[in-house]
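S.K.: Handing you this structure, nothing more for now.
Since every read-out is calculated from the coordinates, none of them should be taken as a lab result. Predicted model only: the values in this text are computed from it and were never measured. Cβ placement follows ideal geometry from the backbone for every residue including glycine, while neighbour counts extend to all protein chains displayed.
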Amino acid sequence: MTRKIMIVDLDRCIGCHSCAVACKQENGISLGVFYNKVRTVGPFGNYPDLELYYLPVICQHCNKPECVNVCPTAASYKRQDGIVLVDHNKCIGCQYCIMACPYGVRTYDKAKGVIEKCTLCAHRVEVNEVPACVSICPGKARIFGDLDDPNSEVSKAVREAGSFLHRFADVGNEPGVGYILKSRKWRS
Amino acid sequence: MNNLNLTRRQFLKVAAVAGSAASLFPLGNEVLKGLATAAPAQPSDMKVIQSACRQCYGRCTINGFVKDGRVLKVEGKPGTFSEGTVCSRAFSIPQIMHSPLRIKYPMKRVGARGEGKWQRITWEEAWDIIIPKMKEVQEKYGGHTIVFNNGTGRDQLILMTMQKCFYEMGSTGGFGVGNVCKIANDDVQRRIVGNPCQFTGWDGPKTKTILMMGRALYSWGYYDWLTIKRAQERGAKLIVVDPRYTVAASKADLWLPVRQGSDLALILTFINMLITENRYDKTFVAQWTNAPFLVKEDGFLLRQSDLVPGGSTDQFIVWDETSNSIQHWDAKAMAWSSSDAQPALLGTHAVPSGKQYRTAFQALADSVKMWTPEKAAEVTWVPAEKIREAARLYIDNSPGACFMRGQKIEFSNHSSSKSHAIAIMMALAGNLDAEGGNLVRPDTPHSVSAVFQALPPHGKIRKETIANIKKYSLCPGQAKISGEIGGFAAATTRALITEKPFLPRVYWGQTTEPMAGSLDSRQVCEALKKFELTVNVDLFMTPTGELSDIILPAAHPNEVDRIEYPQSGHSWPAANTCSIRQPFVPPPGECRDDVDIIFDLAKRMNVDMGWKDKYHWFEFALAPSKITFEELRKKGHLTRPVTYRRYQTGKLRRDNKPGFQTSSGKVNLYSEDLKKDGWGPLPAYIEEPFSPLSNPEMLKDYPYIFFTGGRSHAYFHSEYRMSPFMREIHPFPTVEINPKTAEKHGINDGDWVYIETQHGRCKQRACLTTAIAPHSIHCDHDWWFPEKPVTDDLHGIFECNPNAIVSNDRVHDPAVGTSNYGGLCKIYKAEDGPPNGIYMTAQQLEAFMPKAPGRE
C-alpha cells in the first residue's frame, strides 16, 4: 500500500506564510481562499515569560475522511495513495463536507461554485515532485512521502520524533498529517 | 535570454505546471478565461529561466516559468545558498511585473502637484525637459543644489551608479536612506575595523553562540534561519535581544527583552565583563588593535610628533614591557619600532619628559567600569541574571561566538557608539575574522564582491566638492554619510523648508518613497513641493511620484540583467556568493533598466561614469573571478571559499600588508575619527529623548513607548502594497498592543486605533498580543494605499504612517546622521473606523490582479 502524507516540524517553522502563498500560486487559488493557513499558537504566559509556536494547517488527508462519507455526489474521494481530493466536475458546492470536516480546512469558493482544499499538489506528486509548500519552505520544516514505506523520509521522521509526533484530535477520521514539536508544549 | 534545455523530469513537471499555473490568475479574471480555453500548453512553449529574487535583501536564487511573454510562476532554484527555498515575497513577482498599475511610459505632470493629471510623453521629450533644467541649475546655483534619493534600491548597482553620476555633477546627496539603514554603521565599522563586519559575514556554519540584536528573521534572506537552526541542532546557542517576542525570540535559547533604544548598555556590560574578568584575547588586542597606544589629555593619541619636534604623525607611541621603554607603531610603514615589542595594554606610563599617559585600553576600561549587569538592568529593564547569562554564553564561547544585527538598532541618536561598541566587543572576545565569529568583508579586489569597490576614480567636480564639503553639504559639520558626502533626509527636508544653508533646486528620486520612510512625512511633502524640477523613476505611481514633474518608467528587477549579491545580514556561503539575475521577460512598454537610465542621464549631463555601460561594469566586477558575464549567465552563481584571520595574511588590506584597512592599520578600538566627527573616541551611552527615563513627566500624557521598524513577512518597506497575495497575508497596518493595555482603553482585537504623539496621530488596526510589553506600542511602518485616490492624502501616505507622527526636529547622531524614530505616545479607539477607500476584502483586491494579455 501507499500512503502519501506530510509531516511538519514545528520547531523549524517560523510562521512566515511562504507555504500559504506558494500554494496559492501553484494551485491557482482564488483570492480569499487558502489551502494552507498558518496559525500562531500563543503567545502563552505573561510578558516576558512567553512561549508560542506556529501551526500550518492543511487538509489532514484522513484515513477515514468524513468529508468523503457525506459527499452526496462522490466529488470528494480518497485515492489509492491516500490523497483526498475534490473532483470539481462533480462538486455541486453543497458544503456538507465543510460541516463534516473537524479541522476547518475546506473552503467554498463562491466564484468557482466548488469546494477548495489542499490536494497535496497531486499534479506534482504524479511527476515525482514534492508539493510546492515542501519544496520552498524556508525552514525546511515540511517532509513529504509514503508513510507505508519504512525507508521514506516521513517514516524516518515519524520514528525519530517518537512521542513528540502530534496529530489533531481524532474523532474517528484518523487524521494523517503529523506535527513534530519538541521545544514547546503541544496545545493544538 | 537563457532558454534551458529541459530534462525529461523537468518536461513532465512543466507539463503539470502548464495545467495548473495558468490559473495563477484566478477565475473571474480574463487571463484565466483566455488560458483555460486554450489548447494545453506544449512544454516547448514554456521556458524555465534561472535568475535571482530582488524582493528583499536576501536575493535567493529562483527559476521563472515563462510562456507567451508572461511569468506564470516562480520557484526556488536549488543548488545554491538559498537551497531552493524562497519566501512569500518571491510569489509577488509575477503580480508586480504584470500589475495593471505599472507605469509603462514617461509622463509629465499637467495639473497641480498632487492633482493626479498626467500626460504621456516620449523619452526624448522627457530628457528635453530634464536636461536643460539640470544644466541651468548646475551652472547658476551649483551641482550641490541637485539632490538625489536612492532609497534602499532595486539593487546595489543602481545605488552605486546613481551616487557616481550625481556626485560627479557636484551633488552632495540629499535625501537617501543612509541614516536609517546599515550604511550608517558600515561607515562606523570602516573607521574602527576598516570594513563592515556586523551584518554580513557572521560565521553561522561554525559558530558556538549567536548574539542577535534587533532582527526578527522576517527582514531578509530566510535561509539565514536554516543556518541558525542547524547551528542550534549541533549545540550552538541563540541569544536574541529585542523588545518584542518576535519569531526569532520564540526560537531563541535566551531572549533578552530589552527596553527600546537601550541595547548599547548591554554591549558595554559585555565589554566591561570581558575586561574585568580578564577574558579578553590579549594577543589579538595587543598586536592587532590600537589599544596599547597612549592617549593625550586632549583625547587624541600620542604621536612621535608630540614628543620630538618634526617627528612623524604616523608613529603612535606605546609602552613596551620588554624594554621598559617607549616604542612606536608606524602606521605608514606598518611596523613596530622594535621587533620584539610587547606593548602594555593597561596602566599609565611615563614618557622621557616624565609626563604620564594612559593607554587607550585603560581609557576604555575606565569608561565601561560603571556597566555592571546590575547597572545595565536599571537601564535596559532586563534582569541582571539574564544579562549575566547572555554574557557568559557569548564570552565563554569566544573565540567562536558571532554577532548579528538588524537595522532597527540604527534608529538612535547614538548609533555610532553602538556600532563602535559592538566592534570593540568582537575584537576583545577574539571573534574578528575568527572561525565561528564575524568575518570582515574587505573591499580589496577579490572574486564575487567587486560591487563594493568597482567604481572609477573621482572626477574634477567631485574632488572639488569633497575639498569644500562644509560649503556644499546640507548638514555642514554634522552627518557624514559614508564618510565623505554630506546630506541626509532630515537635513535636506529642513534645508528646503528654511532655505538654509541653501535651497536645493532639483530632485531625482529612484527606488524610493521618502514620505513613507523619512522623519515627518508631512514636512517631507511640503519640502518636495519646493523643488524647481522633480523627477521620479519607478514602476508605479507612488505618493512622491504624484508630486513630481516627470515620471520615468523603470523596469522590474526580473526584467533586466544584473550580477546579484545577497545583501546585508548573511552568513556564508550567501555572503560569499554572486549570482545571475536575468530577465524573465523584457520590460513592458517603454520601461527601462534603472542603471541604463542613469548611464543615459550621465551622458546627457557630460558625466564620465568610467564604464560605458552596465555590461562594461559587469566585466570589470567579474574579472577577479576570471569569468565573463555570459559565462555567469550560464553557470548561475559563483561562491568563494571562506578563509579566516586574513589580517595575518594581508588579505584585508589593499596593499596586501598584514593588518586592517584603517587609519592606523589596526582595529581602532580608540577612534580618533569618531572624535573628529563630533563623537567621543570611545562609546558612550546616551538615553534617547522622549523615553520614560529621560522624560518621565511626559508619561502623564503619553504613557507608552512608541516604536516602529519591525519587519513584515509580506513587504519590503513601502513596496508590494499592490500585490494581492501580499495584501492577503498582511492586509492592514497593524499596531501591536498588550491585552492589558488594550483593556484599559476599551480596545478589542481588530479595532482601528489612533496612536498619538506630540506631533500628530496615525491610525492602525489593533493586534492584541502578549508578545509586546504592556508599556509599549509597536506600529507597522511605510504604509500607503495604491487603491486610494491621489486626492485623498496622496494615496493615504499620512493616515496610517507612523513616520508622519515623528518630528524632524530632534537630535541626530553627529557622526552618521541617525536618529530615533520612536518616542512616547497615547492610544485610543478610532471611532471613525478604518481609513476611507482602502481595500478590505479579497474581492476588492481583484482590481490589483494582472489583466489578460492584450487587455492591459
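S.K.: Pairing rule first: another cysteine's C-beta must sit under 4.7 Å. Under that rule, which cysteines of chain A stay single?
M.R.: A:13, A:16, A:23, A:62, A:71, A:91, A:94, A:101, A:121, A:137
S.K.: On a 0 to 90 degree scale, rounded to 10, what angle separates helix A:18-27 from the longest Cα axis of chain A?
M.R.: 20 degrees
S.K.: Using every pair of alpha-carbon atoms in region B:74-218, split the distances into 5 Å bins beginning at 0 and state the percent of pairs per bin, rounded to integers.
M.R.: It works out to 2, 6, 8, 12, 16, 16, 12, 10, 9, 5, 2, 1, 0, in whole percents.
S.K.: Quick one: net charge around residue B:97, please, counting Lys, Arg +1 and Asp, Glu -1 for every other residue with C-beta under 11 Å from its C-beta.
M.R.: +1
S.K.: How crowded by other chains is A:127-137, given as the mean number of beta carbons from other chains within 10 Å of each beta carbon?
M.R.: 5
S.K.: Report Rg/Rh for the protein assembly as shown, rounded to two decimals, where Rg is the Cα radius of gyration and Rh the Kirkwood radius.
M.R.: Rg divided by Rh gives 0.97.
S.K.: Next question. How much net charge surrounds residue B:298 when only the other residues with a Cβ under 14 Å from the Cβ of residue B:298 are counted, with Lys and Arg +1 and Asp and Glu -1?
M.R.: +3
S.K.: Within 10 Å of each residue's Cβ, count the other Cβ atoms and sort B:552, B:503 from fewest upward.
M.R.: B:503, B:552
S.K.: Now, a different point. Kindly put B:605, B:849 in sequence by how many other C-beta atoms sit within 10 Å of each C-beta, fewest to most.
M.R.: So the ranking, lowest neighbour count to highest, is B:605, B:849.
S.K.: As a footprinting exposure proxy, order B:403, B:284, B:540 by other Cβ within 10 Å, with the fewest listed first.
M.R.: With the sparsest Cβ surroundings first, the list reads B:540, B:284, B:403.
S.K.: Exceeding 27 Å between C-alpha atoms, which entries from my cross-link table qualify? They are A:64/A:140; A:117/B:634; B:635/B:666; A:112/B:73.
M.R.: Table pairs above 27 Å Cα-Cα are A:64/A:140; A:117/B:634; B:635/B:666.
S.K.: Something else: Give me the inter-chain shielding for B:78-89: mean count of other chain Cβ atoms within 10 Å, whole number please.
M.R.: Going residue by residue through B:78-89 and averaging, the value is 4.
S.K.: In percent, how large is the relative contact order of chain A, given Cα pairs closer than 8 Å and 6 or more residues apart?
M.R.: For chain A, the relative contact order is 32 percent.
S.K.: Here's something else I'd like to know. Over the alpha carbons of region A:4-180, what is the largest minus smallest coordinate on each principal axis, giving the biggest first in Å?
M.R.: Sorted from largest, the Cα extents of region A:4-180 read 49, 40, 32 Å.
S.K.: If you don't mind, another one. Over the Cα atoms of region B:696-848, Rg to Rh with Kirkwood Rh, two decimal places?
M.R.: 0.97
S.K.: May I pose another question? Let me have the relative contact order for chain B, percent, based on Cα pairs under 8 Å that are six or more residues apart.
M.R.: Relative contact order, chain B: 19 percent.
S.K.: Let me ask you something else. Quick one: putting +1 on the C-beta of Lys and Arg, -1 on the C-beta of Asp and Glu, what dipole do you get for chain B around its Cα centre, in Debye to the nearest 20?
M.R.: 1480 debye
S.K.: For residue B:263, what is the net charge nearby, where nearby means another residue's Cβ is under 10 Å from its Cβ and Lys, Arg count +1, Asp, Glu -1?
M.R.: Around residue B:263, the surrounding residues sum to +3.
S.K.: How big is the dipole moment of region B:339-438 about its Cα centre under a simple scheme where the beta carbon of each Lys and Arg is +1, that of each Asp and Glu is -1, and everything else is neutral? Debye, nearest 20, please.
M.R.: Dipole magnitude for region B:339-438 comes out near 320 debye.
S.K.: Give the relative contact order (percent, whole number) for region B:696-848; include only Cα pairs under 8 Å separated by 6+ residues.
M.R.: Relative contact order comes out at 33 percent.
S.K.: Sorted from largest to smallest, which semi-axis lengths in Å does the alpha carbon gyration tensor of region B:204-440 give for its equivalent ellipsoid, taking the root of 5 times each eigenvalue?
M.R.: Whole-Å semi-axes of the equivalent ellipsoid: 37, 19, 15.
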